[in-house]
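Participant: First the structure, then my questions, so here it is.
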Amino acid sequence: MRWRSAPQREMAQVTGESMTDIKILAQDFKFYYGEHCALKGINLEIRRNQLLTIMGPSGSGKTTFLRALNRLNDLVPGTRAEGRLAIDGVDVYGRGVDVADLRRRVGMVFALPVALPMSIFDNVAYGPRKRGIRDRRKLAGIVEKALRDAILWDEVKDRLHDHAGTLSGGQQQRLSIARVLAVEPEIILLDEPTSGLDPLSTLKIEGLLWELVKSYTVVLVTHNPLQSARVGGEIAFFLMGELVERGPASDIFTHPRDKRTEDYVSGKFG
Amino acid sequence: MNLVKEEEARKIDRYIENAKKVNQHVINARVTAAFAGATALTVGLLIFIIVYILSRGFHMVTPAFLLETPRQMGRAGGIYPAIVGTILVTGIAVVIAAPVGVATAIYLTEYTRESWLPRIVRFGTENLAGIPSIIFGLFGFLFFVIYLDLGWSILSGALTLSAMILPTIVRTSEEAIKAVPNAYREISYALGSTRWQTVTGVILPTALPGIVTGVVLAIGRSIGETAAVIFTAGASLRLPESLLDPVRTLPVHFYILAREGISMDNAYGTAAVLIVLILIINIAAYSIMNRFVAKSR
């Protein structure tokens, strides 16, 4: 793996993390925006091919956690990370990490569906092209596979060279997913991917998550307890920069251990 | 008794409501008229100037006028050397200033965080943009013509003009790049693109129309410049043979013809050619850009 330096690789072998099933590991991970502490020591494990939903109200730090995983937080001036946040046993904030390569391995779908101002094809081919793939036939294959996996192919196959702005919001969000799939990531982060979508498009995206998790490790962020319940799987409840509770959806919704979780899922706040 | 009073009170209320509504309509109509008037004045003035100059000068513009060298100080003959000089001086100025200006704008917006450096550069460029062109002419004369010993030449004139238009290009490009939605940057970075790939992949294509507008404005400013050029490129009527030869640009030619009272007819003819030249350049720049943008869509 290119983005690991040799000492890090050795470290990973020594600690034995890479041998286990753990894809993402946070140990007392803290994150600061200037003086403001947005994450106050998160301890969290995410297994390979697991779908974890991070649920919590605005300001709970869930998006900060997501943007730490692909270091997109680096774009914000004055931020600082403490503690350990590792993918495959390699510290994301460690020395010598190739951030561009990290981001390619950790794909991200944003809250608002945004198409780059170019054709549908070029949107999906954007990532592969930046990785140096120029061969037309190869690109066409990658684009088709990504669009099929994002369940968008049938709707756009006849107009791949139309401007992507002509797609509906729901289609643009699936295009965003296809764009991420085209760079063959290992982890897919989704930051409230349905917040700007109608109920039907939302259902399509939620259904897609269970397809994705067969091949990828998926982390979904949502503020909506109902969505967490619909999606199911594992849920981590974040509140004010802390991980309050984590467990299977059935436990979180039927007998939460923490009073705050109970209040949140029953709609008392949030 | 009370009922009647209430009824009347309601009537009065309704009357006041209506009066207010009518008043708003009147204000709205007046403001619309005022804005339309301002627009009409602007467009009208522009059309008047263009039509006036073209009507005075267009009949002078013959193939011979465009292709011959001037005789008798410009009283007779054509303006061919001035056309060549104008295109060379302006062209070289833009070829120098546009890449430097756009690169500066990219550096300030994409490669530095909002700190003292971009602020100082921005402050500097804004002040530079406000300096009268004759000061640039003086600077160009002292620095390029005398100190670097380039003499009165196309190169001196072009370098002076490029210094003059650089701030405009930096500022307009910076604004255009800043207007690129941040979501595009995040998408590009999140796909594992480097900064340079993000700049070429989404930022420049999206900002291109704004950048081209800035460059076209800069071309317009330098093609019509007199004061900065007369000190640096000279006023020679001969056809230049190298970039180190002096040259007379169209606005300088116009200025000398009119000021020395050599030939008002030829002055207006020169002005007409200048206006048409600017028009052609603008149309060409925008059509090239539109073709590019259409291709990336």
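Participant: Check whether at least one residue in the stretch B:122-130 is part of a helix (DSSP H, G or I), farther than 30 Å from B:Ile83 by Cα, modelled with pLDDT under 90 and out of contact with any helix residue (DSSP H, G or I) (no Cβ under 9 Å at 6 or more places or on another chain), and report yes or no.
Facilitator: yes
Participant: Turning to a different aspect of this structure: Any residue at all in the stretch B:204-211 that is away from chain A (no Cβ under 11 Å) and closer than 18 Å to B:Ala93 by Cβ?
Facilitator: Yes: the stretch B:204-211 contains one or more residues that are away from chain A (no Cβ under 11 Å) and closer than 18 Å to B:Ala93 by Cβ.
Participant: Quick one: count up the residues across the stretch B:182-208 that are in contact (Cβ under 8 Å) with a residue 12 or more places away in the chain and of a type outside the set (A, V, I, L, M).
Facilitator: Residues that pass the stated criteria total 8.
Participant: Another question, then. Go through (1) over 16 Å from B:Ala93 (Cβ atoms); (2) of a type outside the set (Asp, Glu); (3) touching a Leu at 6+ places or on another chain (Cβ under 7 Å) for B:Val199 and report which single condition fails.
Facilitator: Every listed condition holds for B:Val199 apart from (3).
Participant: Looking at the stretch B:100-127, which of its residues are surrounded by fewer than 18 Cβ atoms within 10 Å (Cβ to Cβ) and among the hydrophobic types (A, V, I, L, M, F, W, C)?
Facilitator: Result: B:Val100, B:Ala103, B:Trp116, B:Leu117, B:Ile120, B:Phe123.
Participant: Continuing with this model, one more query. Can you find even one residue in the stretch A:94-116 that is more than 14 Å from every other protein chain (Cβ to nearest Cβ), part of a strand (DSSP E or B) and under 19 Å from the mean Cα position of the chain (by Cα)?
Facilitator: no
Participant: So which residues in the stretch A:129-185 are of a type in the set (Lys, Arg) and away from chain B (no Cβ under 11 Å), if there are any at all?
Facilitator: A:Arg134, A:Arg136, A:Arg137, A:Lys138, A:Lys145, A:Arg148, A:Lys157, A:Arg159, A:Arg174
Participant: Moving to a separate point now. Please give the helices (runs of 4 or more DSSP H) falling wholly within the stretch A:167-270 in which 1 or more residues are of a type outside the set (Lys, Arg) and within 24 Å of A:Asn73 (Cβ to Cβ).
Facilitator: Passing ranges, in order: A:169-181, A:199-212, A:225-231.
Participant: Sort through A:Gly233, A:Gly196 and tell me the only one that's touching a residue at least 40 places away in the same chain (Cβ under 8 Å) and at positive phi.
Facilitator: None of the other options fit; the residue is A:Gly233.
Participant: Do we find that B:Glu186 is under 30 Å from B:Thr200 (Cα atoms), among the acidic types (Asp, Glu) and modelled with pLDDT of 90 or more in this structure?
Facilitator: Yes: the conditions hold for B:Glu186.
Participant: Which residue, of B:Thr86, B:Thr62, is touching a helix residue (DSSP H, G or I) at 6+ places or on another chain (Cβ under 6 Å) and either surrounded by 10 or more Cβ atoms within 10 Å (Cβ to Cβ) or of a type in the set (Gly, Ala, Ser) (or both)?
Facilitator: Selected residue: B:Thr86, the only one of B:Thr86, B:Thr62 that is touching a helix residue (DSSP H, G or I) at 6+ places or on another chain (Cβ under 6 Å) and either surrounded by 10 or more Cβ atoms within 10 Å (Cβ to Cβ) or of a type in the set (Gly, Ala, Ser) (or both).
Participant: Quick one: how many residues across the stretch A:232-248 are under 19 Å from A:Thr194 (Cα atoms) and surrounded by fewer than 22 Cβ atoms within 10 Å (Cβ to Cβ)?
Facilitator: Total satisfying the criteria: 3.
Participant: Something else about it: Identify the residue in the stretch A:36-66 that is among the hydroxyl-bearing types (Ser, Thr, Tyr) and in a loop (DSSP other than H, G, I, E, B) and, among all such residues, is surrounded by the fewest Cβ atoms within 10 Å (Cβ to Cβ).
Facilitator: Once the filter is applied, the top-ranked residue is A:Ser58.
The values are calculated or read from the model by the stated rules, or taken from the named source; none is laboratory data. Here the structure is a predicted model, which is why all the values come from computation and not from measurement. So basically every Cβ, Gly included, is an ideal-geometry build from the backbone, and we count neighbours across all protein chains shown.
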